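FYI, it's all coordinate maths here, none of it is from the lab. If you're wondering where the values come from, they're calculated on a predicted model, not measured in any experiment. Cβ placement follows ideal geometry from the backbone for every residue including glycine, while neighbour counts extend to all protein chains displayed.
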Amino acid sequence: MTRQAALQRVLVIWLIAAAIFAVFTLAQVLAGKYGDDPGVPLNWLSAQIVPVMGLLLAATLSSPSANWKKAQVTGSRYQLALTASLVQIIAILITFLIEPILQTSPFALFDSTIVFFSIWQGVVTACVGGLVFDGR
Amino acid sequence: MGLSNLLRAASVLVALVSATQVLGQVTPDSDDDTNIVVNATLDRLHALGDAVEAYRQLGAEWAGATKCDLRRLCPDEQFTVQVSSTYVHLLFSPAAHTPIRLAAFPLSAIRTASIRYGPLPTKGTAEYNYVRLQRSLSFISAQASPERQQLYRFPDPNDNPFLPWPPHLPSSVADVSRSFQTRTTLGEIASQIRSRIMVRGYDTLQYFSVPGGFAMATDLERVGRRGPVRAGDRWTSGKRGGFGSLMDYWRRLLVGEDDRFRVFVFIVTDMDVQNDQDTAKADDLRRWKATGRPSLSRQRASVTALPGTRIWLYAYEFTASRSKGAELIQNERDPLRITQNKMALGLP
């Protein structure tokens, strides 16, 4: 797989996940799940998505050399970026899905998970960055 | 005359017979404001409620009146006697809480009563009115029956605490007197209500004094919107978690929990109850829970219910706000019908 194709695959995964999470959270907000504090879940979600999405979009919109595009991706870097991204996306999904059955309020859940997610977001950004900047 | 006696006497005044009947005359220069009370209230036994209503009607007059705070003359800080140009207002002022209006009645009665008691001090308006008040009330209180004095007495350390009066605007209200025998003692009435609702699980009750009777409040109860709640969740108010069906899970995921909560308050009194315009707040629930007593005081329980005593069922229904600082707010959107509430209590 070429570097360009690998990058596009990771970008598509993140775009689909971000769109689903955004629509879902918006639906919750409109249904009144977060009362007068709709900013809390939106802040939490954007902190998980915006950094890596920004990096991926910047890489896509830039113009790397033809050699970089056609070169084969380093397998381990691609696997690492893909795995870290999927772990992050699944963790976000589980947080949303598990919240209704917990006795903890969604606000408390966001508060208590934000630190772990932020740290993991740093790992994901580093892994995706390794893929983007490899050989440029 | 001590302050407690003074206040007892004040409560008796507003609950007693007409100033005309007691004193044999009415001041000829009574103004219209005074007439609200003299004509509509003091010649009736439901005086306290009407006096409070008259106080409300006098809002504009009150704002413009020369207020005279006699607290400095009163050794007990919990009470304030305020005298305006035409009215005497009695306020119960617990520390750090908004004063509760207890009664208002016209100065004309005091002016009339003062005729019977020699010269009054002239050194200050406040003291002058205070002495008038004392003298008038000491005379009038002697005319009251012991039972009425007992039931219209101001908060007493040996008695149940006062339910904030008039009661907050309920979600629904009903007269349930026909379900109980009211020509008996207040203790017996309380016992009838308790035994009727205990079988429905309402085993924790808070008792309060109200003018002319008593009130009993149930604990905050969770009521599921879709089917009954688990027994373990019934008396809790936080998020309960879990789900019953896929549809229930989906609703919780998208909308969140939307349980109802309710508190029943039985008010037993001979007064025509007029509600406050404010709805109940979460703070009120906490205060009821903190101040109510688990039984009716011996002195109040032993008193025979006054003629015309009725039993009112007040239902206060709440929902939990879904915001970060979640709190209970009175449900004005889709409260339960009173018949549904009565069914829950086993009342016809």
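Quick notes on this one:
- Chain A: angle of helix A:75-98 to the longest principal axis, Cα-based, in degrees nearest 10: 10
- Of B:K289/B:K342; B:K239/B:K324; A:K33/B:K239; B:K281/B:K324, those spanning more than 20 Å from alpha-carbon to alpha-carbon: B:K289/B:K342
- In nm, spacing of pseudo-spin labels at A:A22 and A:A91 (7 Å Cα→C-beta vector): 2.2
- Taking the number of Cβ atoms within 10 Å of each Cβ as an exposure proxy, the fewest-first ranking of B:W312, A:W68 is A:W68, B:W312.
- Peptide A:33-43 shows a mean partner chain C-beta count of 3 within 10 Å per residue C-beta.
- Among A:M1, B:M216, A:M53, sorting on how many other beta-carbon atoms sit within 10 Å of each Cβ, with the fewest leading, yields A:M1, A:M53, B:M216.
- Net charge contributed by nearby residues that have their C-beta within less than 13 Å of B:D284 (K/R +1, D/E -1): 0
- Burial ranking of peptide ranges A:105-117, A:121-133 (average Cβ count within 10 Å, highest at the top): A:121-133, A:105-117
- Whole-number Å³ per residue for the convex hull built on Cα positions in the range A:12-122: 107
- The range A:77-136-the range A:41-58 distance, computed between alpha-carbon centres (Å): 10
- Spin-label proximity, A:F116 to the range A:33-57 - amide N less than 20 Å from point 7 Å beyond Cα toward beta carbon: A:41-50
- Under Karplus coefficients 6.51, -1.76 and 1.60, residue-wise ³J(HN,Hα) of the range B:244-252 in Hz, glycine/proline x: x, 8, 4, 5, 4, 4, 4, 5, 5
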